[in-house]
Amino acid sequence: MLNANTSKLENRGVNLHFLLCYASFLKKHLGNNQFNKLSTKDVVHGIGIEPTRREFRTLGRGVDPYNKRFTIRGLTQHQKKNGKLVAKNMVSFLEEPFGKALRKELLRLGPLSLGPPFVVPIGSTRSWFGRADFFVTHAWDRPFVELLKGLSKRQTTGSQSDLDHWRTYFWIDIFAVNQHYFDDDRFQELHEAERNRELANFENVVKHSTHGILMFMSPVNNPILLKRSWCWYEVSLAILHKKTMNLALSQEDEQALDDYSRIFQKEANERTIEENCFVDEFVVLFEEFNVEKSEATILSDKNWIMNRIENLVKLSKANSKVKVAIARLLMSTIDKMTNNQSSKGAINMFVELTSHLEGMEKCTSEVVNPVVRVLNKKGYKYKALQVCKEAVEYQEKCLPQMKLNYHEKAELYLDYAVNLNSLGRIYGDMFDKEYAMRYLKEALRIREEFRNMIADRENCGAHEVMYNIARMLILCHEKDKGRRDRHLDLQIAKEFIEESIKRKESFEEVQASLGACYVFYGKLLDMTGKDKELVSHHFNKGLQVQLQCFERPTSDQRVFFTLMDFGYHLYSRGDYEAAWEKVVIAHNGLLKTVKIQGTNPKHILGCINLIRNTLMGLPVFPKSQPLMRSFHVEFDSAKMNDLTSSWCNKKRYIRSETDLAYHTMSVIEWVRDTRSLEDRGHQFEIITEQLENWARSFIASNL
């Protein structure tokens, strides 16, 4: 049950089995009513006790007899034979002989059920303590049961199975850090020395957490967390080390976020007076959160935190950086938990919450990219283009006029390069080679120029731009195979993607983007007529990397795009049966992402056409083969014909209504013409959105 190496702070993560066993212990000693009312602060110090030295006058031990029975402070201190008082953090205490009695009692009581009865997965009790997967940031004034329920939900961690969830380690300060205070100055000095040493290593815990940080932002409409100095520091660390941020939500918070998304989905003139008041209150409250107004129980902690934030991200920038990060977190959470109809609400919420930003702050990649990412995911390329282009044009105009030292210049220009990279990629997805190359090459130049300002020079982001240049050239020539510059462009693509792969393979941690590099390198080799086995090898490598790196690979549409590309390659080489296997899985997976996540349905049509073509090449119709049953095919030819014919009819209607030629359905040359953009752009977007929503409804009700 134990892990001997807990001397390092980051190794003091606790798993769900330990947390629920401890909950059983608390409930036994306090009774059901008192247990449900218990705050996290009560669990540490005792009911109604504030953690100040003045309060603790009981024999220098700091805990009265009643609270000593169950509090972390009361349980984890003992007096040696020589009279010396010893106090530990909970994890270290349970690792030592003095914690043996408590260990036995926790195991005897077993995990507490906080809801419907559950079965503890076999193998989940292997070790209570280990290296932290998640760093948990929470408010001590909130109910302890709220913390337990949030961590008990599998969707909180995104684990693939119950066993994986129970084997996840959470770093929680109340168990990992010595929380004792003593009236005796000798003991207090020893404690403070230990605490200061651990605070100095605090950054390593966030840095080494493999899955990022989990935030408890209850209640969502007025989160206590954002009033606490420690929260500002922890989020600042997550931003600095580029750690993933996740929300742990109670049932009430999930409902509240769903309500907010429905309100924000409406435009201001469509909302009721009450809804507009609610939005205004929510936005004003969010704006009023301020790092310098935040609180800490111990004044010396507040001073220490402010100094650390100043050194990490600058106090003057902390407000905008942390609040943008929180707004991004809220948007991504809403987008995950709702269908396509609420994605507009998620974007509108983010825009409203960042509306107080001005000038360059409003154009940073941290503000622009979340909106662009959601729009791209839903297939709204034109809207994504508008958002990104406005930011780039503003930065392009203002940056040369600003008086900056070299460090400030590097920071702002590198952020500008992120937006250039995003804009170039959008143009590439629209097969506009000229504009895409212009923005991507400028992004690459800036990143290479300022790579010396980045601690990890090899990870300056240039490899991503190289990949996007190669990707854009491959897509353009995949669509139009008769271009005269094909040979030269594919040679350029080969050089860029090989360099991108070389740099990514040198990183200590495997990145999901490496999988995409392998896939596009496979496509490039296929286009240049290379050996079939070599092409398949790169597709397989890309697929394996994606399955390894994505949080939910079985529901990630990027995996299904890879399978579809792989299937197309196999089909073009005449291997129809292998192509059928890949494309059917891709088709069924994309159907689910449209139904559940509201993603763009047009990719399914590519699968349908490929399935039809593959069927023509198969010697035996696969319904009579085990292949059909093994992949649970949801392919109904009649319904697919209905879907594709209706789609084509609606596309024909769009062309007639917007006066667009055939090629402008996929190529946006008309965007360059301001008059065309004004007269036809918005109408095109509205009707296209109606088409995609119709297709989603058709798929949801018929397939």
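Being more than 24 Å from the chain's Cα centre (by Cα) and over 15 Å from Glu393 (Cβ atoms) is the filter here, so list the residues in segment 413-435 that pass it.
Scanning segment 413-435 gives Tyr413, Gly428, Met430, Phe431, Asp432, Lys433, Glu434.
Counting only residues that are of a type in the set (D, E, K, R), open to solvent by 70 Å² or more (accessible area, probe 1.4 Å) and modelled with pLDDT of 85 or more, how many does segment 227-273 have?
Of the residues in that region, 1 qualify.
When Leu329 is evaluated against the numbered criteria (1) touching a Pro at 6+ places or on another chain (Cβ under 9 Å); (2) under 21 Å from Thr137 (Cα atoms), which criterion, by number, is the only one it fails?
Result: Leu329 fails condition (1) only.
For segment 281-308, which residues satisfy the criterion of being over 21 Å from Ile239 (Cβ atoms), modelled with pLDDT under 85 and part of a helix (DSSP H, G or I)?
Across segment 281-308, the qualifying residues are Glu281, Phe282, Val283, Val284, Leu285, Leu299, Ser300.
Could you check, for segment 533-548, whether at least one of its residues is assigned to a helix (DSSP H, G or I), of a type in the set (Ser, Thr, Tyr) and closer than 23 Å to Ser572 by Cβ?
Yes; the residues of segment 533-548 include at least one that is assigned to a helix (DSSP H, G or I), of a type in the set (Ser, Thr, Tyr) and closer than 23 Å to Ser572 by Cβ.
Name the single residue, out of those in segment 520-550 being surrounded by 18 or more Cβ atoms within 10 Å (Cβ to Cβ) and under 23 Å from the mean Cα position of the chain (by Cα), that is farthest from Val583 (Cα to Cα).
Among residues in segment 520-550 that are surrounded by 18 or more Cβ atoms within 10 Å (Cβ to Cβ) and under 23 Å from the mean Cα position of the chain (by Cα), the one farthest from Val583 (Cα to Cα) is Val545.
Taking into account only those residues within segment 10-26 that are open to solvent by 10 Å² or more (accessible area, probe 1.4 Å) and farther than 12 Å from Gly110 by Cα, which is modelled with the lowest pLDDT?
Result: Glu10.
Scan segment 563-591 and report the pairs whose first residue is aromatic (Phe, Trp, Tyr) and whose second residue is modelled with pLDDT under 80 and not in a helix (DSSP H, G or I), with Cβ atoms within less than 8 Å and a gap of 6+ or a chain change.
What qualifies is Tyr576/Leu618; Trp580/Leu618.
Can you tell me which of Asn276, Asn311 is open to solvent by 80 Å² or more (accessible area, probe 1.4 Å), among the polar types (S, T, N, Q) and part of a helix (DSSP H, G or I)?
Asn311
Could you check, for segment 315-326, whether at least one of its residues is over 22 Å from Lys242 (Cα atoms) and free of Cβ contacts under 8 Å to residues at least 60 places away in the same chain?
Taking every residue of segment 315-326 in turn, none turns out to be over 22 Å from Lys242 (Cα atoms) and free of Cβ contacts under 8 Å to residues at least 60 places away in the same chain.
If I go through segment 402-428 residue by residue, how many of them are closer than 17 Å to Gly461 by Cα, in contact (Cβ under 8 Å) with a residue 40 or more places away in the chain and either open to solvent by less than 10 Å² (accessible area, probe 1.4 Å) or acidic (Asp, Glu) (or both)?
Within segment 402-428, residues that are closer than 17 Å to Gly461 by Cα, in contact (Cβ under 8 Å) with a residue 40 or more places away in the chain and either open to solvent by less than 10 Å² (accessible area, probe 1.4 Å) or acidic (Asp, Glu) (or both) number 6.
Go through the residues of segment 273-290 one by one and say whether even a single one is farther than 28 Å from Phe170 by Cβ and among the aromatic types (Phe, Trp, Tyr).
Looking for residues that are farther than 28 Å from Phe170 by Cβ and among the aromatic types (Phe, Trp, Tyr), one finds at least one in segment 273-290, hence yes.
If only one of Val367, Val322 is part of a helix (DSSP H, G or I), open to solvent by 10 Å² or more (accessible area, probe 1.4 Å) and modelled with pLDDT of 80 or more, which one is it?
Just one listed residue meets the conditions, Val367.
The values are calculated or read from the model by the stated rules, or taken from the named source; none is laboratory data. Just so you know, these numbers come straight off a predicted model, no measurement behind them. Please note: Cβ atoms are built from the backbone with ideal geometry, for glycine as well, and neighbour counts cover all protein chains shown. We work out accessible area using only protein heavy atoms, side chains counted, and drop any ligands, DNA or RNA first. Shrake-Rupley method; radii C 1.70, N 1.55, O 1.52, S 1.80 Å.
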